[in-house]
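Heads up: the structure comes next, in structure tokens.
What follows is calculated from the coordinates using simple rules that are stated; it is not laboratory data. Computed from a predicted model, the values in this text were never measured in an experiment. Cβ placement follows ideal geometry from the backbone for every residue including glycine, while neighbour counts extend to all protein chains displayed.
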Amino acid sequence: MQGGTRSPTEMGSDFGSWLAAREPALHRLATLLTGDEVAGRDLALPALARLRLAWRGLDPLDADDRARAL
């Protein structure tokens with residue numbers, strides 16, 4: 001484990017596990033992009049909802065890249 005995050009293999013393919021591990025970092029990124037914590041959450045939540053809908057057909061190794069792309 002590096003930097004407090006787990007690799008996709010350590011997390012398995014469960015969206016809840018992935019989200020628990022990556023959501024704080026994604027919200028920090030969104031906050032940096034918007035300059036505001038509330039606006040950052042507003043930016044991140046729809047993207048996470050779209051990712052959840054696509055999760056079943058997604059390779060867990062690609063989840064981080066897909067989340068950033070959404």
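Using the Cβ-Cβ distance between A25 and R56 with R0 set to 35 Å, the FRET efficiency works out to roughly 0.95.
Whole-Hz Karplus values for segment 16-30 come out as x, 5, 4, 4, 4, 7, 9, 4, x, 5, 5, 5, 4, 4, 4 Hz, taken residue by residue from phi with 6.51 cos²θ - 1.76 cosθ + 1.60 and θ = phi - 60°; glycine and proline positions read x.
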